[in-house]
Amino acid sequence: MLRRTVAQFLRAVRYRNRRRLVNLRHRIRFYRDDIVVAPGTHVAKGVVIGRGTRISEPSYLEPCTIGSYVAIGGRLTVRSGNHLMQFLNIENDLQVRTIGAPSVLGSRQMVNIGNSVWIGDSVIILPGVQVGDGAVIGAGSVVTRDVPAYALVGGAPARFIRWRFPEPVIAVLAGFDWWNWDDARLRRNRALFEIDLTTVDPHDLAARLREAT
Ligand SMILES: CC(C)(COP(=O)(O)OP(=O)(O)OC[C@H]1O[C@@H](n2cnc3c(N)ncnc32)[C@H](O)[C@@H]1OP(=O)(O)O)[C@@H](O)C(=O)NCCC(=O)NCCS
């Protein structure tokens with residue numbers, strides 16, 4: 001009984017120290033890359049977040065990649081694995097520590113979220129989902145399938161609602177990675193960010209993107 005209590009205590013201390021180190025590494029990167037992550041957010045080791053991304057309220061992130069300039073509301077949950085369901089027991093500590101059997105945690109299936117994505121409040125993104133650049137995920141969605149670039153999806157399970165822009169415009173935008181520009185270049189091209197992409201002529205847009213310096 002005493003041995004078990006001591007072992008549990010040491011495990012808790014080790015876990016806390018590991019989390020402190022992970023949190024410190026994350027905080028340094030967030031500062032360097034102008035990333036805002038709401039206090040209280042769980043950011044697992046292995047989470048990579050791009051420049052200028054904002055998470056407004058506490059969220060829970062298992063290993064995943066999140067691109068640059070992603071706008072995230074609150075209470076986002078990203079999961080990167082499922083429990084194995086084919087065995088008698090499904091709870092991992094019991095399986096590994098008490099019974100001594102192999103883990104019932106499945107392999108990692110990374111979630112990758114693109115750049116310039118908007119994620120509404122209280123969204124759950126399930127293991128292995130890929131979210132394309134410029135996508136929008138409506139509040140309260142449970143995302144079980146990949147989301148194409150510039151699509152708007154919503155619901156549980158999240159379904160395609162509409163494209164953000166006409167499809168010829170989305171075709172022109174493919175590969176246009178403004179999120180990798182530095183701040184000076186973004187400012188120099190301010191006019192591009194004021195174009196209404198729901199009404200623009202795709203040929204005009206293509207010409208303007210070619211001229212962007
Ligand atoms: C996704 C969203 C942007 C869509 O806005 P919109 O383009 O104005 O869409 P509409 O209100 O015209 O709805 C279009 C359809 O999608 C549905 N829909 C909209 N949002 C939805 C959501 N979150 N989940 C499920 N369905 C949704 C509507 O019911 C409607 O369906 P219908 O055509 O069958 O009636 C908005 O609904 C949303 O969820 N915003 C997030 C707000 C938020 O969380 N902000 C804080 C974070 S920064």
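For residues that are at pLDDT 95 or above and either in a strand (DSSP E or B) or under 17 Å from residue 129 (Cα atoms) (or both), tally how many sit in segment 44-78.
19
Of all residues in segment 98-154, which are charged (D, E, K, R) and in contact (Cβ under 8 Å) with a residue 40 or more places away in the chain?
Restricting attention to segment 98-154, the residues satisfying the condition of being charged (D, E, K, R) are 108, 121, 133, 145-146.
108, 121, 133 - these are the residues of segment 98-154 that are charged (D, E, K, R) and in contact (Cβ under 8 Å) with a residue 40 or more places away in the chain.
Conditions (1) of a type in the set (S, T, N, Q); (2) within 16 Å of the ligand (Cβ to nearest atom); (3) touching a strand residue (DSSP E or B) at 6+ places or on another chain (Cβ under 7 Å); (4) in the same structural domain as residue 108 (by TED's automatic domain parsing), marked per residue:
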| residue | (1), (2), (3), (4) |
| --- | --- |
| 27 | no, no, no, yes |
| 32 | no, no, no, yes |
| 37 | no, yes, yes, yes |
| 47 | no, no, yes, yes |
| 53 | yes, yes, yes, yes |
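Looking at segment 77-102 only, could you name the residues that are under 26 Å from residue 142 (Cβ atoms) and surrounded by fewer than 11 Cβ atoms within 10 Å (Cβ to Cβ)?
Once the filter is applied, which keeps residues that are under 26 Å from residue 142 (Cβ atoms) and surrounded by fewer than 11 Cβ atoms within 10 Å (Cβ to Cβ), segment 77-102 yields 85, 86, 91.
Inside segment 68-97, can you point out the residues that are under 20 Å from residue 147 (Cβ atoms) and free of Cβ contacts under 8 Å to residues at least 60 places away in the same chain?
If we filter segment 68-97 for residues that are under 20 Å from residue 147 (Cβ atoms), which is where we start, we get 68-82.
Across segment 68-97, the qualifying residues are 70, 71, 72, 74, 75, 76, 77, 78, 79, 80, 81, 82.
Starting from segment 182-204, take each residue that is free of Cβ contacts under 8 Å to residues at least 40 places away in the same chain and assigned by TED's automatic domain parsing to the domain that holds residue 171 and list its partners that are surrounded by fewer than 12 Cβ atoms within 10 Å (Cβ to Cβ) and in a loop (DSSP other than H, G, I, E, B), counting only C-beta distances under 7 angstrom and pairs at least six apart or across chains.
188/213
Go over the candidates 168, 157, 102 one by one and state the one that is in contact with a Pro (Cβ under 6 Å, 6 or more places away or on another chain), more than 22 Å from residue 48 (Cβ to Cβ) and not aliphatic (A, V, I, L, M).
Details: 157 fails: in contact with a Pro (Cβ under 6 Å, 6 or more places away or on another chain); 102 fails: in contact with a Pro (Cβ under 6 Å, 6 or more places away or on another chain).
One residue alone meets the criteria, 168.
Residues being touching a strand residue (DSSP E or B) at 6+ places or on another chain (Cβ under 9 Å) and within 22 Å of residue 171 (Cα to Cα): count how many of those fall in segment 121-137.
Number satisfying all stated conditions: 7.
Right, residue 208: assigned by TED's automatic domain parsing to the domain that holds residue 63 and either farther than 24 Å from residue 47 by Cα or at pLDDT 95 or above (or both) or not?
no
Looking at (1) within 15 Å of the ligand (Cβ to nearest atom); (2) of a type outside the set (D, E, K, R); (3) surrounded by fewer than 18 Cβ atoms within 10 Å (Cβ to Cβ), find the lone condition where residue 136 falls short.
The single condition residue 136 does not satisfy is (3).
The values are calculated or read from the model by the stated rules, or taken from the named source; none is laboratory data. Only a predicted model underlies this, so the values are computations on that prediction, with no experimental measurement involved. Counting neighbours? That spans all protein chains shown, and the Cβs are built from the backbone with ideal geometry, glycine included.
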